[in-house]
Amino acid sequence: MEIVFPVSGVEAPIWLPPLVAFCLSLFTSMAGVSGAFLLLPFQMSVLGFDSPAVSPTNMVFNITGIPGGVYRYLKEGRLVWPLTAAVVIGTLPGVIIGVFLRLSLLSDPKPFKAFVGLVLFYVGLRLFQDFFRTRSANTRVEAEPSDWKTDVLVFNRRELGFRFRGQEFYCSTPGIVAFSFLVGIVGGAYGIGGGAIVAPIFVTFYALPIHAVAGATLMGTFTTSVVGVVVYQALAFTPAGAHTAVGPDWLLGILFGVGGLAGMYLGARLQRLFPSAWLKLMLGLIVSFVAARYVWGYLL
């Protein structure tokens with residue numbers, strides 16, 4: 001049965017959004033990414049939804065779907081709360097700036113698609129670099145659940161550290177916050193909350209284990225998505241919102257989120273059984289393909 005979604009004007013079978021979101025988030029959640037960075041191109045290119053309202057709709061997907069993955073990581077003791085806090089503190093102000101950037105400089109769909117393509121190229125590059133760095137050391141892991149729990153060692157204004165599977169990991173707290181702020185700006189405009197960029201950076205630049213940081217990046221994405229949706233929805237009641245759709249398509253976003261909820265829960269549960277490097281290689285190929293389409297379309 002096909003329905004017409006009220007804000008976006010998209011006409012599609014009611015089962016399509018949950019199915020697409022489930023398939024995407026099942027794999028991306030294993031790398032600490034909700035799948036929103038691939039869901040946005042699907043909405044724009046396949047469904048033809050390219051108004052500014054597509055960004056908050058993507059965030060509604062995050063809000064609805066991410067709790068499934070976060071719950072699983074929390075249950076297994078793999079949610080690093082200090083890392084989550086640092087990400088949230090940095091991305092919250094950034095995502096608000098990103099929202100206004102989206103409405104002022106990126107309201108025309110064509111340059112916005114080019115912007116999306118550049119962001120995806122960046123994400124793909126990080127994923128490829130991480131794959132080649134870790135492929136020789138990546139093996140199938142089987143361990144008792146207790147071996148996967150994280151223990152916080154230190155968290156202050158200068159550094160945060162935790163222990164995971166017998167190893168200790170440390171990083172700069174101000175560095176995480178500052179970088180998350182920049183990512184929040186991009187994520188706010190793109191409609192992904194920033195997790196798709198934060199997760200690869202944690203693994204490549206900070207050498208943090210993806211099995212330990214996935215929950216933190218998902219939680220950070222969830223928090224910033226809530227703020228992003230609130231800002232977009234508020235702007236829908238302003239004079240600017242009277243001329244173009246800026247509020248989310250709640251029905252479409254929630255249907256995406258229902259599929260994402262199931263996909264992220266299952267992905268978080270299965271994550272330990274899959275080598276993260278090979279998952280990142282697959283994501284890198286998909287991301288690069290989508291990015292090439294958008295940038296090439298802008299240049300033509």
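The values are calculated or read from the model by the stated rules, or taken from the named source; none is laboratory data. Fair warning: this is a prediction, and the values are worked out from it, not measured in the lab. In this analysis, Cβ positions are derived from the backbone assuming ideal geometry, glycine residues included, and neighbour counts consider all displayed protein chains. Calculation scope for accessible area: heavy atoms of the full protein, side chains included, ligands and nucleic acids excluded. Shrake-Rupley method; radii C 1.70, N 1.55, O 1.52, S 1.80 Å.
See the values below:
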{"read-out": "³J(HN,Hα) computed for each position of segment 149-157 - Karplus, 6.51 cos²θ - 1.76 cosθ + 1.60, integer Hz, glycine/proline x", "value": "6, 9, 10, 6, 9, 7, 7, 8, 5"}
{"read-out": "Counting all C-alpha pairs of segment 35-120, share separated by more than 17 Å (%)", "value": "58 percent"}
{"read-out": "Span-rule helices in the chain, defined as complete DSSP H runs reaching 27 Å or more along the axis (Cα) with Kyte mean at least 0.5", "value": "81-104, 109-134, 210-235, 250-270, 276-299"}
{"read-out": "Reciprocal of mean inverse Cα separation for segment 245-300 (Kirkwood radius, Å)", "value": "14.3 Å"}
{"read-out": "R0 of 45 Å, Cβ-Cβ distance residue 178-residue 19: FRET efficiency to nearest 0.05", "value": "0.70"}
{"read-out": "Cα-based Lys proximity count in the chain, under 27 Å, for pairs eight or more positions apart or on separate chains", "value": "4"}
{"read-out": "Sequence of 227, 95 when ordered by accessible area, the most exposed leading, probe 1.4 angstrom", "value": "227, 95"}
{"read-out": "Computed [θ] at 222 nm, helices only, for the chain once each DSSP H run of length n ≥ 4 contributes -39500 (n - 2.57)", "value": "-22000 deg cm²/dmol"}
{"read-out": "Length gained when the stretch residue 244-residue 300 is fully extended (0.36 nm per residue, less Cα-Cα span)", "value": "17.6 nm"}
{"read-out": "Listed peptides 209-221, 159-171 by packing density, highest first (mean Cβ within 10 Å)", "value": "209-221, 159-171"}
{"read-out": "At R0 = 25 Å, FRET efficiency that the Cβ-Cβ distance of residue 273 and residue 129 yields, to 0.05", "value": "0.55"}
{"read-out": "Relative counts (whole %) of C-alpha pair distances in the chain, using bins that are 20 Å wide", "value": "37, 56, 7"}
{"read-out": "Rg/Rh ratio calculated on Cα atoms of segment 30-73 (Kirkwood radius)", "value": "1.04"}
{"read-out": "At q = 0.14, 0.20, 0.21, 0.23 Å⁻¹, base-10 log of I(q)/I(0) for segment 8-55 (Debye sum, equal scatterers on each alpha carbon)", "value": "-0.35, -0.68, -0.74, -0.85"}
{"read-out": "Sorted peptide list for 179-189, 15-25, criterion being average Cβ within 10 angstrom, highest first", "value": "179-189, 15-25"}
{"read-out": "Relative contact order (%) - criterion: Cα under 8 Å, at least six apart; region: the chain", "value": "40 percent"}
